[in-house]
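K.L.:
My structure is below; once you've seen it, I'll send some questions.
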Amino acid sequence: MSAALVTLADGQVRTDTVRVAAKFGKAHKSVIRALKGLECSDDFSRRNFVPRDYVDERGKVQPMYEMTRNGFTFLAMGFTGKEAGRWKEDYIHAFEKMEQELVQILTSRRSDESRRLTREEGRVTRTS
């Protein structure tokens, strides 16, 4: 796999319709049509599907959607077949892996900050 299945965008782990189309062997316009045909609430749609533009291989600006894990899951439920099942699993694992990495980074930063504050408190106590 050369391109990442998921990325970090606006502080959230996301994928997009271009990646999904490529990995599931579907035309991008078919993935967008499927996304637009989803029967979900406007609130769910706003929270999980973000319209964006990208430049295609011909240099033309085209619409796409970034989607959260929940958005991807909702969309991919409609994809069937053995190969689709494999890609669903790969995406789920990619989302999980990036989320775990982010938790580790945040935990490490909090731990570092806590140690720094403890050292500073010790210096203040000794000088007082």
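K.L.:
Do you know which of the residues in region 75-128 that are over 22 Å from the mean Cα position of the chain (by Cα) and open to solvent by less than 60 Å² (accessible area, probe 1.4 Å) is modelled with the highest pLDDT? Please lay out each step first, then the result.
P.N.:
Initial filter on region 75-128 (over 22 Å from the mean Cα position of the chain (by Cα)): 81-82, 110-128.
In the following step, the residues that additionally are open to solvent by less than 60 Å² (accessible area, probe 1.4 Å) were identified as 81, 111, 122.
Numbers: G81: 83, S111: 78, G122: 71.
Residue satisfying both the conditions and the ranking: G81.
K.L.:
Scanning for something more than 18 Å from the chain's Cα centre (by Cα), surrounded by 15 or more Cβ atoms within 10 Å (Cβ to Cβ) and either part of a helix (DSSP H, G or I) or hydrophobic (A, V, I, L, M, F, W, C) (or both), does region 4-11 turn up at least one residue?
P.N.:
Of region 4-11, the ones more than 18 Å from the chain's Cα centre (by Cα) are none.
So far as region 4-11 goes, no, none of its residues is more than 18 Å from the chain's Cα centre (by Cα), surrounded by 15 or more Cβ atoms within 10 Å (Cβ to Cβ) and either part of a helix (DSSP H, G or I) or hydrophobic (A, V, I, L, M, F, W, C) (or both).
K.L.:
Determine which member of the set D53, D16 is of a type in the set (D, E, K, R), under 17 Å from the mean Cα position of the chain (by Cα) and buried (at least 17 other Cβ atoms within 10 Å of the Cβ). Walk me through how you get there before you give the answer.
P.N.:
Numbers: D53 fails: buried (at least 17 other Cβ atoms within 10 Å of the Cβ).
Every option except D16 fails the conditions.
K.L.:
Right, something else. Being hydrophobic (A, V, I, L, M, F, W, C) and either closer than 15 Å to R52 by Cα or crowded, with 16+ Cβ neighbours inside 10 Å (or both) is the filter here, so list the residues in region 19-37 that pass it.
P.N.:
If we filter region 19-37 for residues that are hydrophobic (A, V, I, L, M, F, W, C), which is where we start, we get 20-22, 24, 27, 31-32, 34-35.
Passing the criteria: V20, A21, F24, V31, I32, A34, L35.
K.L.:
Scan region 97-108 and report the pairs whose first residue is under 20 Å from L5 (Cα atoms) and touching a residue at least 24 places away in the same chain (Cβ under 8 Å) and whose second residue is aliphatic (A, V, I, L, M) and open to solvent by 60 Å² or more (accessible area, probe 1.4 Å), with Cβ atoms within less than 8 Å and a gap of 6+ or a chain change.
P.N.:
Close Cβ pairs (under 8 Å, with a partner that is aliphatic (A, V, I, L, M) and open to solvent by 60 Å² or more (accessible area, probe 1.4 Å)) amount to M98/L8; L102/L8.
The values are calculated or read from the model by the stated rules, or taken from the named source; none is laboratory data. Computed from a predicted model, the values in this text were never measured in an experiment. Neighbour counts run over all protein chains shown; Cβ positions are idealised from the backbone, glycine included. Calculation scope for accessible area: heavy atoms of the full protein, side chains included, ligands and nucleic acids excluded. Shrake-Rupley method; radii C 1.70, N 1.55, O 1.52, S 1.80 Å.
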